[in-house]
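This report refers to the structure that appears directly beneath it.
The numbers here are math on the coordinates, done by the rules we state, and not lab data. Just so it is clear, the structure is predicted and the values come from calculations on it, not from any experiment. Methodologically, a virtual Cβ is constructed for each residue, glycine included, from the backbone with ideal geometry; neighbour enumeration extends over all protein chains shown.
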């Protein structure tokens with residue numbers, strides 16, 4: 001076992017998740033590289049010190065440049081706002097330090113392209129934090145599709161729906177300002193990533209992006225509430241993607257349905273330890289969707305629990321992500337999704353925004 005010094009930029013929601021994951025991953029997966037929580041960075045020295053004490057880091061700083069340049073920090077996790085991603089990543093990569101960056105990659109298409117170029121020039125491990133697709137159930141869904149269990153896919157439908165701004169009287173906050181914080185910047189990248197992971201590259205899109213509530217108590221809304229995207233995959237399959245932060249009643253509606261020539265798959269993140277599978281075999285009287293409870297027979301489940309149906313949770317997805325990042329560093333081989341894969345999500349989002357503005361189909365290759 002070899003220790004590796006981890007620096008985490010951002011100590012809030014995702015900073016905590018990544019810090020806990022790095023502290024736990026060696027015990028869960030017995031990784032060759034064992035993280036050492038070396039330094040955490042926040043917007044002030046005082047808040048960084050609080051995170052250091054809470055998460056178990058050796059040191060704290062209010063300046064990300066101090067963290068990136070510290071010789072004891074061997075790899076950097078970026079869990080700070082999107083507009084900070086590019087500068088931090090470029091600085092770390094220039095020093096040859098591997099980077100795991102939260103989604104989406106940067107705050108713009110130009111940011112993403114620059115980060116991909118920096119990663120390719122550095123030749124070190126780089127990953128984007130799309131955690132939901134790493135549940136054992138969704139990993140198993142990818143296996144079933146690739147193995148031909150449902151035949152040739154013919155249709156894809158997916159959504160990422162939540163309701164944290166469903167109430168029109170919910171006050172304006174930072175979430176209602178700036179496109180990077182809107183639904184297309186926040187929720188849609190997750191489900192677009194799922195579409196790419198399950199179905200392959202997207203060729204073209206048509207979209208409608210809408211702000212349902214232009215004003216809220218305390219301010220004007222400057223970003224989008226929900227969006228629908230029609231898409232055609234490069235395989236020829238057609239699909240539909242919907243993302244919303246105003247879907248009343250939905251808390252974590254990361255869901256998809258895939259039809260094939262021999263069967264179908266359904267999944268909903270609100271029941272993340274189950275996958276529904278339909279296979280068109282057997283007597284008509286007994287045909288129907290079967291609920292499969294995840295267990296040790298499914299990808300990345302057994303390291304957490306030996307009991308089928310006991311389930312994994314949100315934090316476990318981040319631990320799996322940490323394992324993959326450490327493996328990429330140790331092996332020298334890229335692990336999906338790399339910065340290039342994350343930028344592909346950015347390109348689809350950019351094409352969808354352009355399609356909404358122009359009310360015409362847009363080719364992803366143009367972005």
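Show me the ranking of peptides 64-75, 100-111 by mean Cβ neighbours inside 10 Å, starting with the highest.
100-111, 64-75
Among 37-44, 26-33, how do they line up by average Cβ neighbours within 10 Å per residue, starting with the highest?
37-44, 26-33
Using packing as a proxy for protection, rank 180-192, 233-245, 210-222 so that the peptide with the highest average count of other Cβ atoms within 10 Å comes first.
Those peptides, ordered most packed to least, come out 180-192, 233-245, 210-222.
When the helix-only estimate is applied to the chain (DSSP H runs of n ≥ 4, each -39,500 (n - 2.57), divided by the residue count), what is the mean residue ellipticity at 222 nm, nearest 500 deg cm²/dmol?
-11000 deg cm²/dmol
Any chance you could check the Cα centroid distance between the stretch 168-186 and the stretch 325-344 for me, in angstrom?
30 Å
Mind putting together the pair-distance distribution for the stretch 117-275? All Cα pairs, 5 Å bins, whole percent per bin, short to long.
2, 9, 17, 18, 17, 14, 11, 8, 4, 1, 0
Which value in Å is the Kirkwood Rh of the stretch 64-208 over different Cα pairs?
17.5 Å
Over the Cα atoms of the stretch 131-184, what Rg and Dmax result, in angstrom?
Rg then Dmax for the stretch 131-184, in Å: 17.4, 48.
Translational diffusion coefficient, Stokes-Einstein: compute it for the stretch 249-297 using the Kirkwood radius over C-alpha pairs as Rh, at 25 °C and 0.890 mPa s, and state it as an integer in µm² s⁻¹.
Value of D from the Cα-based Kirkwood radius: 204 µm²/s.
Normalise the Debye intensity by I(0) for the stretch 115-156, one equal point scatterer per Cα, no solvent, then take log10 at q = 0.13, 0.23, 0.28, 0.32 Å⁻¹ and round to two decimals.
With no solvent term, the Cα-only Debye profile gives -0.51, -0.78, -0.92, -1.06.
If all Cα-Cα distances of the stretch 2-132 are sorted into 5 Å bins from 0 onward, what percent lands in each bin, rounded to whole numbers?
With a bin width of 5 Å, the distribution comes to 2, 12, 22, 25, 21, 13, 5, 0.
Using the Cα atoms of the chain to build a convex hull, what is its mean projected area in square nanometres?
19.1 nm²
Could you give the Stokes-Einstein D for the stretch 252-367 in µm² per second, using the C-alpha Kirkwood radius, 37 °C, 0.692 mPa s?
This corresponds to a translational diffusion coefficient of 185 µm²/s.
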